[in-house]
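Structure record follows, encoded as structure tokens.
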Amino acid sequence: MSNNQKSFWTPGNVLTAFILAGGLVLTFLRFYKGIGAVTNLDDNNPWGIWIGFDLMCGVALAAGGYVTSASCYLFGLKRYHSAVRPAITTAFLGYFFVVVALMYDLGHPWRLPYPLVYSQGTTSLLFEVGLCVATYVTVLFVEWSPAALEWLGFRKIRNFVIRLTLPLTILGVVLSTMHQSSLGALFLIAPGKLHPLWYSSFLPVFFFMSSMVAGASMVIFEGTLAHKGMHDKMDETHLKEADGVAFGMAKAASFILLGYFFIKVFDITMDNDWQYLATGYGAWFLVEMFGFVALPSFLYALGVREKNLKLVRIASVFGVLGIVINRFNVSMIAFNWQLPAAERYFPSWMEVGISIFVVTLIVTTYRFIATKMPVLYEHPEYKDAH
């Protein structure tokens, strides 16, 4: 075996190849035998982990795109320049593969474009979510395209796209505000199914606020992983600005989490749901609120105050996990809470396997893009790249 072959077949690449191969087998089973052959979904639980994780978590964790671009281009925080392209790349891949994952969940995936071109349900929140996501994926693709165009050497097209940066950023923020909040609003029609501690008329506000935390946390978390795995691909500007980006995002996330915490307390008080805190669901709610809202808020604040980058990175892990736990609670764990245990939903191993497959596709694609294209560095021939 040659040296090149030895260097390619690292343990990480072997594991990736194994996951991708297994995912292709599960994909074949899903589309050949039908959705019932690979899932534990039923009439009581039509939405499972593919919606709760792949879509709800995927959309929230891809919010780093609008958070970072708005900070840089709308609020004039130019010190975040180097973080924009990695964040936009992550956001584009996140949203693109959210759509890919949705194909697994739909009974008739070939009808995905129907609401947009054939049968518009203009009074439906799902129509608004679908329209916003479809438009935003297009916006993200255009925002991300300069990296690919620089790599391919298409200077004129790239220069034209760069001039669209500001209007695209504004459109991206508007679209993100709409569909991030509307994903929470979807559950407003199910007050009898969602546990009172999670059900609230403020659900759209909670989903939007938490998406900002998810975006900031993912910028820090992704930056940490990129520094460990792709340090040699970063230029001097990226390396110099990285710590400032992390501390800035940490400060923002700390304030938003603090506001989120107090609005949740106000919401429980307004609905008089205090009695539920003495139940098992109440204990789990307190774990979410104190372990994954209050704690990361404190760790972020302490990390910024002490200029402790390690503490900020630890807080980002709690921030990302907190988003996942919250979306799981709303869409699965606290949903249908009154049903007997035997009728509750728990994903099959094949559902989990396909979710892991989709995440692996995102990571693999990001690695390819960041390795080949000017994402973590500025192309020497395009000094205005950011």
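The values are calculated or read from the model by the stated rules, or taken from the named source; none is laboratory data. The structure presented is a predicted model; accordingly, all values stated were derived computationally and were not measured. Ideal geometry is used to build each Cβ from the backbone, glycine not excepted, and the neighbour counts take in all protein chains shown. When the accessible area is computed, the model is the full protein with side chains, heavy atoms only, and any ligands, DNA or RNA have been set aside. Shrake-Rupley method; radii C 1.70, N 1.55, O 1.52, S 1.80 Å.
For the stretch 103-133, what are the residues that are open to solvent by 40 Å² or more (accessible area, probe 1.4 Å), in a helix (DSSP H, G or I), among the aliphatic types (A, V, I, L, M) and under 29 Å from Val38 (Cα atoms)?
Matches in the stretch 103-133: Met103, Leu116, Leu125, Leu126, Leu131.
Are there any pairs, at least 6 apart or on different chains, whose C-beta atoms fall under 9 Å, with the first in the stretch 262-290 and over 27 Å from Ala341 (Cα atoms) and the second part of a helix (DSSP H, G or I), and if so, which?
Partner pairs satisfying both residue conditions: Ile263/Val205; Ile263/Phe206; Ile263/Met209; Lys264/Phe206; Lys264/Met289; Lys264/Val293; Val265/Met289; Asp267/Phe206.
Give the residues of the stretch 46-61 that are open to solvent by 10 Å² or more (accessible area, probe 1.4 Å) and in a loop (DSSP other than H, G, I, E, B), sorted by residue number.
Pro46, Trp47
I need the full set of residues from the stretch 62-93 which are within 17 Å of Ala134 (Cα to Cα) and buried (at least 24 other Cβ atoms within 10 Å of the Cβ), in order please.
Listed by number, the residues that qualify are Ala62, Ala63, Gly65, Tyr66, Ile88, Thr89, Thr90, Ala91, Phe92.
Scan the stretch 248-258 and tell me whether some residue there is within 30 Å of Asp42 (Cα to Cα) and either in contact with a Ser or Thr (Cβ under 7 Å, 6 or more places away or on another chain) or open to solvent by 60 Å² or more (accessible area, probe 1.4 Å) (or both).
No: the stretch 248-258 contains no residue that is within 30 Å of Asp42 (Cα to Cα) and either in contact with a Ser or Thr (Cβ under 7 Å, 6 or more places away or on another chain) or open to solvent by 60 Å² or more (accessible area, probe 1.4 Å) (or both).
Only one of these conditions is not met by Asp232: (1) at pLDDT 95 or above; (2) open to solvent by 20 Å² or more (accessible area, probe 1.4 Å). Which number is it?
(1)
Of all residues in the stretch 156-176, how many are open to solvent by 20 Å² or more (accessible area, probe 1.4 Å) and touching a residue at least 24 places away in the same chain (Cβ under 8 Å)?
Within the stretch 156-176, residues that are open to solvent by 20 Å² or more (accessible area, probe 1.4 Å) and touching a residue at least 24 places away in the same chain (Cβ under 8 Å) number 7.
Count, please, the residues in the stretch 94-124 that happen to be β-branched (Val, Ile, Thr) and touching a Gly at 6+ places or on another chain (Cβ under 7 Å).
1
Quick one: in the stretch 188-209, which of the residues that are assigned to a helix (DSSP H, G or I) and open to solvent by less than 10 Å² (accessible area, probe 1.4 Å) is farthest from Ser176 (Cα to Cα)?
If we take residues in the stretch 188-209 being assigned to a helix (DSSP H, G or I) and open to solvent by less than 10 Å² (accessible area, probe 1.4 Å), then Leu203 is farthest from Ser176 (Cα to Cα).
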